[in-house]
Each structure stands twice: as structure tokens, then as C-alpha cells.
1. Check whether at least one residue in the range 541-552 is among the acidic types (Asp, Glu) and closer than 18 Å to Val466 by Cβ, and report yes or no.
2. Filter the range 336-393 down to the residues that are of a type in the set (Asp, Glu) and outside any helix (DSSP H, G or I), then identify the one that is nearest to the chain's Cα centre (by Cα).
3. State the number of residues belonging to the range 319-335 that are assigned to a strand (DSSP E or B) and either surrounded by fewer than 24 Cβ atoms within 10 Å (Cβ to Cβ) or among the polar types (S, T, N, Q) (or both).
4. Identify, from the list Ala264, Ala338, the residue that is more than 21 Å from Thr448 (Cα to Cα), buried (at least 22 other Cβ atoms within 10 Å of the Cβ) and either free of Cβ contacts under 8 Å to residues at least 40 places away in the same chain or among the hydrophobic types (A, V, I, L, M, F, W, C) (or both).
5. Tally the residues that are small (Gly, Ala, Ser), over 20 Å from Val170 (Cβ atoms) and buried (at least 16 other Cβ atoms within 10 Å of the Cβ), restricting the search to the range 380-410.
6. Looking at Ile233, Ile174, Ile248, Ile156 in this structure, which one is closer than 17 Å to Lys276 by Cα and of a type in the set (A, V, I, L, M)?
7. Kindly provide the set of residues from the range 557-594 that are charged (D, E, K, R), within 18 Å of Glu490 (Cα to Cα) and touching a helix residue (DSSP H, G or I) at 6+ places or on another chain (Cβ under 6 Å), ordered by number.
8. Can you tell which of Arg273, Arg314 is of a type outside the set (Val, Ile, Thr), in a loop (DSSP other than H, G, I, E, B) and modelled with pLDDT of 95 or more?
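The values are calculated or read from the model by the stated rules, or taken from the named source; none is laboratory data. None of these values were measured; they are calculated from a predicted model. Reconstructed Cβ throughout: ideal geometry from the backbone, glycine too, with neighbour counts over all protein chains shown.
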Amino acid sequence: MATRELHVVGKSLPRFDAPGKVTGTAVYAADFALPGMLVGKVFRSTQAHARIVSLDVGRARALPGVRAVIGAADVPEVRYGGGLKDETIFAARKVRYVGQPVAAVAATTPEAAEAALAAIEVVYEPLPAVLDLEAALAPGAPLVHEAWQSYTAIPILHRDGNVCNRARIVVGDIERGFEEADRIFEHRFRTGMVHQGYTEPRAAVAQWDSSGTVTVWSNTQLPFEVQNTLAEILQTPPSKIRVVVPGIGGGFGGKLRVGVEHVAAFLAKKTGRAVKVITTSEEELTAAYPRQGTVVELKTGVTNDGRIVAKEGRIWFDTGAFAGSGPGVASVATLVLAGPYKIPNLRLEGFAVYTNKTNCGSFRAPSGPQANFAVESQMDIIADALGLDPLELRLKNIVREGDEGPTGQVLNAVGLEECLRKAAAAIGWSDRRPGKWRGKGLACGWWTTTGGSSGVYVKINPDGTVALNTGAAEIGTAALTGAAQVLAEELTVDLADISVVSADTFSTPFDFGAQGSRTAFAVGNACRAAVADLKPRIFALAAAQLGVEAEACALADKHVVADGKRVSLADLARLSQQTGGGLIAQGTFIAPPTAYDAKRVEGHVYPAFHSPSFHAHAVDLSVDPETGEVTLHKYVVAQDVGFAMNPTYIEGQIEGGVAQGL
């Protein structure tokens, strides 16, 4: 595709879902409604750690308008989760964080549901709680999960008490590295939990039919993951669970896991009615899946001329009362702790730690902001102590094409030096005048693309338009528009000719999900695979119509052309319907494994970065000493994005990330 002139890919074309968004006609999960639908709400713990002495829902069940009240006694006693199954549907004997679901109600109105929540009576026996990382890791600390050893977990995890995973990277000889260093710098950093700030709260509508099939309309980023998790929780085959994503009002990683879908499904089954559950702002801020808080310790050895010869790093993640994404995030963090730097001696560890706080999740590059904040802050400290230019210190140590990453993967495409130099030049880095309240700064980093598989169905319609059917959800990044551009380019049609159906586990092929900056790349490649499957059939039909050899055929401007003759894709689609069932194909893309040195890693869920990208940020700002107000005079991002499939939307993602970070 890169060897010919491109007409659709690489152009800043309008996204296919823009009209619905700007006119207000787009339907989101929070908007979705069904006739006779009930209101579901969750009764949550007010204690961080306590034994449930008694739970009385009798008064709540008797209230007018209340159709169901359920708790742990009314649902299967199963534990679920990703690589570590430690979570329960409702707290049964103990609560482990403020906000943990204890019961749920379904009622005819929001007011009746609220009254039911107020009528539930629970008696707690408070237990000692661990509310920060230091307390959880202290000798003799109360265990968040006393029975942690009995939980089902993937073998690769290293667990011990309140630590639900420890991941490690070891390279070279760390002790010798520090002996070679002229200076050793040791620092400790801390970051807090942060909510993703999406505009639409978590929402789900569930309805069962007479065949025993439940349909769940949800704003999840991972419909197939939710389908499989619901199968575990509901103890129902996945073939009886349909998950549909109407629309997502922002996710940023906060809607990767089951949130309220299972509650809606249980209430719907109990009442025989459709039930809708939407979290409140209070619930979002106390019982959602925020970014983990961290403590980071770095010990870095450098020579007097600024060459980094050794680094030891540890990062602890407060993953909350259940593991969630914590074990994987701790793994990724060790790669980020190395920074985009070539360091011969490394010992890096990431820990996911239980505390009696809300279960944590992902938020824009999980572990990246926390680890990179510490790494780049220390780089500035080192530069200042050595009297070196922070830009030159980075340029002296960054990885370049052909270098190895910390786990031994070969880095085949590295544009970091160009990013650093261009970002610095754009803010006038060389013209830094001493100023008490004004300064310029820069930082750099690297990140990964999540792997996994994506499938698509592609159908050429009799009018020449094309239907793209994908299991991926559109979460606001315009990734599916980018994938549709790839499809349009491959078939030589216009983007306006492509219609997209997405994220329905009963009618769309499997997709690993809208996560980890993967969607446009993975779905786009699946589109290419589908067209590769279609072309021989298209050309065979065209050759028969044109009286030429199939090998002479090519696609051009919605037609097949050969020897000065042409036939439209519309005509071929009509012909195929009559003779061969239509022009329909399936395409699949599976991210190839990234080679790494297994001897360097331990406890790793993500031992190497898929298609890593590199970036540099630079800023010119001033601070008002009286008010503390920060004024940005200029903020520059130089990002190695590879080939920009839709420049406007890539710029929008970069700008949005900066705005959210600020």
C-alpha cells in the first residue's frame, strides 16, 4: 500500500460517527431505554474493612415500587477476574473497601430505588484496614485477602500476602555497574490515584428473553471480555450472552472490565424485566477503576560525563482491594522504569499491592505516567547535579535503531532523537535565559501497542457500497474511521461508501478490544486481510466479464480495470449474488509475538513492547508567585507515530492527552 499513491489513507477525512455526535442523535449506553425498564441501584459498603454481621433487606423489599433486592445469598458464589480470580459479585462475609457492592435493588422509579437503598440494614464489625502502600507492606500487616493462596491465578504471577504480583527485569551486573559509576543518585517519588474523568458514567441495560439469552447494552471498551466474564459470573454459556455497545462517552481505560453489567443482568433475571444501572458521580469517584497510586524508588549510577551505567528501580502499585489490572500494570512498569535509554546494568521491579481501597484499573498508558514521571524527574535532577544540559543528557543515553530494549527485544524503528531535537527547537531550548518565575523543560518516553487479535467481515453491496463489520468498539479516538480508510483505500472506494457496524458479540467477529492504542492498526490490518481474500474472486468475475486474464486485473476508482476495459464493483457484487453468494470475506489480524530474552524477566505478563513508539514533550511556562497560577506560553509534542492514517485525529489524540495530563 505504501508503494502507490494513496487517496484515502493519510487524509484528514471526517469521522463516520461525527454527524450523530454533533447533532445529539448518537445513542450512548446511558441513553438506552426499553419499554417497562426498571431502575437498578447498588447498595455499597461504608466500611473499608469489616465483617458483615448481618444484612437485612426485608424492609427494602416491602417498599412500594420495589421489584427486587438481591445480595450475595441470591447469586452464585464465584470468584472472577483476569489472571487472578479474587473478586466476588457482592461482599458475602466481609467488605474490603468503601464502595464495595453488598446488595442491589430494582424499582420502578429512581426515587423508589433510592428509598430501597436507604431501607437496607447492615451491621458491620470493623476490622483493621490497610489504606496505603506502606501499611500494606509492613511486617505483620492485616491481609486484605486471608485466603489469597487458594485463589486461581495464572502460574506466571509471583504472589505473597498483600502482594498480588511482583515482576522483575535483570540485565547485566548491577553491583559492578554501580562500582563503575562516578555518582549515584537515589530518589523516591509518589503519585496518587486518579479517575479517568470520562463524561459518561458506567452504564448497562440488561434483558433476558424466553430462550434464556440475556442481552446487555453496555459502554464497555471490551464487549467480548465482558461476555466471557458474564459467562463466569452468571454461570451461563457465552452463546447465551449478547453484549452490544451502543456508544461510549469516553473510557480512557476505565471501562475495560465488568462494572455494572452483571448487576443489571442479575436484577433483570430476578424481575423478568429489563433493568438499567448507571453509576452516580459519587460512585464513580469512590468505586470505579481509577489509575493506581504509586511509590517509586530509583537508584541510578552515572559517570561524570553523564553516561548512565546502572539503574535499580522499584515501583509499588496500590491496586486496591482486588487485583484487577494490577499484576499486568506492574509488569509493564518495569519496562517504563528503564526509560527509553540504553543502560547496560538494570534491576527493575514492579509490585501490585492489595489495600483496602477501591479496585483500580487502567488509565491512558497504564503505569506509563507514574513510572515515566519518576524517571524523567530524576533525569532532570541528575543533569542539574552534573551541570549538564538536560537535552544533552538524554541524547547521550537514548536508544537508537538497532539497540535492545531492557528485555532484549530489538528496536527496529526509533525516532526519538529527532523527536527530542524538534521539540526542543520548537520552544527555543537553546535560548534559555535565567528567570526566577519562568522556565523551559522537556521529557521523553516510550510506549507500547497492545497485541491481541481482530477480525472483520467485509461485504461489497450491489450498489457498490461496502459494509465493514468489526467487533471493536469506537471509544472516541476515530480508530474505526481510520480502519475504514484502510478498507476504502484497498478497494479504491470513497470513505463515504463505507458503513460500519461494530461491537455486538452476536453479529460481529471477535476483537481483543479498544485498548492499548491497538484498534486502528489491528482492525485496519484485518481489513487488508479481508480484501486480500476478496480480490481473487473479484478478479475472476471481472476477467470473465471483460474477456481477459485474471492476472491482468486491478482495482481502480470503484472498478476493476484490465486492457483498457472496466467493470464496476457494483456490477460484480450483483453478479456474485446471483452466482456465488455475494462478495463477502472475513479478515483476521493477530499481532505477531515480540522476541525477547526470557532469562531477563520474571513474573512478567508483558515482557516486551509491541511496536513501541517514542515521543518528546517540551514546555515554556511561567508561574505567578502570589497566586500559584501557571501560564503555558508554549507546549510542544513531537511524537513518532509512524504513518499518520488520519492526521487530524492523531493530532486530536495527542492534544487531548496533553490537556488531560495537564
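1. No, every residue in the range 541-552 fails to be among the acidic types (Asp, Glu) and closer than 18 Å to Val466 by Cβ.
2. Glu349
3. Qualifying residue count, the range 319-335: 1.
4. Matching residue, one of Ala264, Ala338: Ala264.
5. Qualifying residue count for the region: 1.
6. Ile248
7. The answer is Lys558, and nothing else.
8. Arg273
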